[in-house]
1. Every residue in region 145-157 that is of a type in the set (A, V, I, L, M), part of a loop (DSSP other than H, G, I, E, B) and crowded, with 19+ Cβ neighbours inside 10 Å, please.
2. Scan region 169-196 for residues that are open to solvent by 40 Å² or more (accessible area, probe 1.4 Å) and among the hydroxyl-bearing types (S, T, Y) and jot them down.
3. Being modelled with pLDDT under 70, within 14 Å of D40 (Cα to Cα) and open to solvent by 30 Å² or more (accessible area, probe 1.4 Å) is the filter here; which residues of region 76-100 pass it?
4. Every residue in region 199-213 that is at pLDDT 95 or above and open to solvent by less than 50 Å² (accessible area, probe 1.4 Å), please.
5. Would you confirm whether or not region 59-75 contains a residue that is at pLDDT below 80, part of a loop (DSSP other than H, G, I, E, B) and in contact with a strand residue (DSSP E or B) (Cβ under 7 Å, 6 or more places away or on another chain)?
6. So if I check each of I45, I23, which one is modelled with pLDDT of 80 or more, surrounded by 15 or more Cβ atoms within 10 Å (Cβ to Cβ) and either under 26 Å from D150 (Cα atoms) or acidic (D, E) (or both)?
7. Starting from residues that are open to solvent by 30 Å² or more (accessible area, probe 1.4 Å) and among the hydrophobic types (A, V, I, L, M, F, W, C), keep the ones in region 265-293 and report whichever is farthest from V225 (Cα to Cα).
8. Go through (1) in a helix (DSSP H, G or I); (2) over 18 Å from the mean Cα position of the chain (by Cα) and name the single condition A182 misses.
Amino acid sequence: MAGDFNADGILDLAVVNAGDGTISIYMGSVNGSFQRRTLDCSCDIPAAIAIGDMNNDGRQDLAVAVFGDGQANVLVFLDNGDGTFQTPPEGYVSDPPEFAGASAITTADFDGDGNLDLAATNSNNGNLSILKLLAQRGCGFDIVSGGELDHLGRIGVRGNRIVFSGVGKCREEIRAALRYKASSKSVRGILQFNIESAPELEILLEEASRSRSVPGVSVRINPDVKAGGHPHISTGLHHHKFGLSWREARGLYLAHRSTKHIRWQGISAHIGSQIVDLAPFQQALQRLAGYLLELRQQGLALEYLDFGGGLGVRYTNERPVSICHGENH
């Protein structure tokens, strides 16, 4: 986000650093260079940031959606006018659950009272009543954020019904999933982590070595299969950012097959969305079956195949697959 934090007429930048729980402030200058300053989010995980005059003093303050210790909050930093910030005595906006897992927040005077209000976007389903109904009907949950994990904890979903996917897991979210307990009588942890990179696996190994639970782990494979109704929703080719090549994934499975801190129990893949042909699914599954057999020959008998991709629907002239008959309509 951009704003003039020291009233010198030059734009400055505020950047979220989810990995280390800080906000970087880059102070601009007339020659185009920046000087960096850091704001600490008090051990919480910053997820999104907005700029606005929160206390009507004519300065540009920061509102940061954060997650930590099972709570979702908005942390406010007030601009002192010289490029430094202070946190007001109350510190947080009081625990608004709708900010859990927020991918963006913004400020505006929505009710016309002269004061700035906050709005958040959520990529997850934040309706706890709907989630609870799904859980009661026996559904499991695939999550991609600590905020979604917090939602499930609020309605008592058992850990063995939760899979943690996604490319953006940070250390704090992994730690929270390892410690997850739906109730005082529940076993710690979740069913499975779907990891997407070697650095993510290293973080999981480090956190698991200090945890009381031994997590089940799967590697997301990129099967190099073309699928999806648009390039921006295709995830199955090697040049996409999702998943590892089989060569890389195989190396991780074999390098850590004897570790006592995790247990290999699955293999994962997701090839895209809005797919109107079954052929990409068949091709990807054939490759995954070969990978499973290869690992079994190496002494790793995996239990779960976590396979995904979205069947398309008709928006214009698409001919989606019929799941009843396997025919196009």
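1. Our first condition is that a residue be of a type in the set (A, V, I, L, M); within region 145-157, this holds for 149, 152, 155, 157.
Remaining after also requiring part of a loop (DSSP other than H, G, I, E, B): 155, 157.
Matches in region 145-157: V157 only.
2. Filtering region 169-196 for residues open to solvent by 40 Å² or more (accessible area, probe 1.4 Å) gives 171-172, 175, 179, 181, 183-185, 187-188, 191.
S183, S184, listed by residue number.
3. Y92
4. E200, L201, I203, L204, L205, E207, A208 - these are the residues of region 199-213 that are at pLDDT 95 or above and open to solvent by less than 50 Å² (accessible area, probe 1.4 Å).
5. no
6. Working: I45 fails: modelled with pLDDT of 80 or more.
Unique residue meeting the criteria: I23.
7. Of region 265-293, the ones open to solvent by 30 Å² or more (accessible area, probe 1.4 Å) are 270, 273-274, 276-279, 282-283, 285-287, 289-293.
Remaining after also requiring among the hydrophobic types (A, V, I, L, M, F, W, C): 276, 278-279, 285, 289, 292-293.
Details: V276: 14, L278: 12, A279: 10, L285: 10, A289: 14, L292: 17, L293: 19 Å.
Result: L293.
8. (1)
The values are calculated or read from the model by the stated rules, or taken from the named source; none is laboratory data. Every value quoted in this text rests on a predicted model; they were computed, and no experiment measured them. Because the Cβ atoms are built from the backbone with ideal geometry, glycine has one as well, and the counts that use them run over all protein chains shown. These area figures cover heavy atoms from the full protein model, side chains too; ligands, DNA and RNA do not enter into them. Shrake-Rupley method; radii C 1.70, N 1.55, O 1.52, S 1.80 Å.
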